[in-house]
Amino acid sequence: MRRHRVRPGTKVDLGDIDPAETGRYEDEDAAREHLGRDVERLAALQEVLYAEHRHAVLIVLQGMDTAGKDGTIKHVFSAVNPSGCEVAPFKVPTEEEADHDFLWRAHRFAPRRGHMTIFNRSHYEDVLVPFVHRLQPRDVIRRRYDQINAFERILIENGTVVLKFFLHVSKDEQCARLQARLDDPTKQWKFSLKDVEERKLWPRYQKAYECLLGHCSTRRAPWHVIPANHKWYRNLAVADILVETIRALDCKYPRPELSAAERKRIRL
Ligand code: AMP
Ligand code: MG
């Protein structure tokens, strides 16, 4: 799964990355066991992360409308204890949020020690929307890339692991998913006319993503471009990268308060 990582300083061409790729797996059946194992492992790792109370994990999910941000949260974290896991959705900034610097709300929702927080959209919307809609001059956006890198460095140097995933779907796949939102009564609530408007700006969105991926994938806060046309592969790739990264933290259960001898003497 390492190949999905964007190497720092490289120029990203999303046109070169196949959104329908599924690695060494032919179909969902072949990947089911692996995904099940990863989901369980993630839950076990989260428990030690929580118990140790030393690190935090920030997971950033970005992608075009319908790319599967909600689906990824629902599936990959299905076994995780909700007590130690928060989801922060980033909508159009409220008046209070817009009155602050753009990183204010991201910092407020950053994970506390021992916790995992998933950003469903993130501070990256602030280099995406202004780019696509030409709301800010390019040098302001360029400066924001640097500010984001500095912000993420602050989190990292204070014990937070930062992992970022761009869920990469094709324009055709988005069309099919939007159509399903029009046709399927259980999905109609998700349909927004705004998505149709934004879809017209597809090439500018892709360009905006290529720029931010190129500027903000760092060694310690890497971006991953996840082929997401196949939901099962998307889930597997995200889960696998999370497991590998959190495992490398080598979290340990805290030492018990009492020694073995003291514990033996306790009569209940
Ligand atoms: P959804 O994820 O479908 O609930 O939609 C959230 C909407 O909020 C998307 O259209 C985002 O582009 C928009 N949004 C989130 N953050 C920002 C931001 N910082 N500036 C402008 N729009 C944003
Ligand atoms: Mg939406």
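The values are calculated or read from the model by the stated rules, or taken from the named source; none is laboratory data. Predicted, not measured: the structure shown is a model, and the values here were computed from it. All Cβ positions, glycine included, derive from the backbone under ideal geometry; neighbour counts span all protein chains shown. What goes into the accessible areas is simple: the full protein's heavy atoms, side chains included, and nothing from ligands, DNA or RNA. Shrake-Rupley method; radii C 1.70, N 1.55, O 1.52, S 1.80 Å.
Taking the stretch 173-192 as the search range and keeping residues that are among the charged types (D, E, K, R) and under 9 Å from residue 66 (Cβ atoms), which one is farthest from ligand 1 (Cβ to nearest atom)?
Restricting to residues being among the charged types (D, E, K, R) and under 9 Å from residue 66 (Cβ atoms), the top hit is 173.
Kindly evaluate residue 212 against the criterion of being within 12 Å of residue 131 (Cα to Cα) and either buried (at least 17 other Cβ atoms within 10 Å of the Cβ) or away from ligand 1 (no atom under 12 Å from the Cβ) (or both). Here the answer is yes, as residue 212 does meet what is asked. Looking only at the stretch 94-112, decide whether some residue is at pLDDT 95 or above, among the small types (Gly, Ala, Ser), loosely packed, with under 12 Cβ neighbours inside 10 Å and out of contact with any His (no Cβ under 9 Å at 6 or more places or on another chain). For the stretch 94-112, residues at pLDDT 95 or above, among the small types (Gly, Ala, Ser), loosely packed, with under 12 Cβ neighbours inside 10 Å and out of contact with any His (no Cβ under 9 Å at 6 or more places or on another chain): present.
A search for C-beta distances below 8 Å between a residue of the stretch 175-192 that is in contact (Cβ under 8 Å) with a residue 24 or more places away in the chain and any residue that is open to solvent by 60 Å² or more (accessible area, probe 1.4 Å), counting only pairs 6+ apart in sequence or on different chains, returns 181/187; 181/188; 181/190.
Summed over the stretch 138-177, residues that are under 15 Å from the mean Cα position of the chain (by Cα) and either open to solvent by 30 Å² or more (accessible area, probe 1.4 Å) or among the basic types (Lys, Arg) (or both) total 1.
In the stretch 56-79 there is no residue that is outside any strand (DSSP E or B), among the β-branched types (Val, Ile, Thr), farther than 25 Å from residue 187 by Cα and open to solvent by 20 Å² or more (accessible area, probe 1.4 Å).
Here is a yes/no grid of residues against (1) touching a strand residue (DSSP E or B) at 6+ places or on another chain (Cβ under 8 Å); (2) surrounded by 18 or more Cβ atoms within 10 Å (Cβ to Cβ); (3) acidic (Asp, Glu):
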{"position": "184", "(1), (2), (3)": "no, no, yes"}
{"position": "189", "(1), (2), (3)": "no, no, no"}
{"position": "199", "(1), (2), (3)": "no, no, no"}
{"position": "203", "(1), (2), (3)": "no, no, no"}
{"position": "216", "(1), (2), (3)": "yes, yes, no"}
{"position": "222", "(1), (2), (3)": "yes, yes, no"}
{"position": "226", "(1), (2), (3)": "yes, yes, no"}
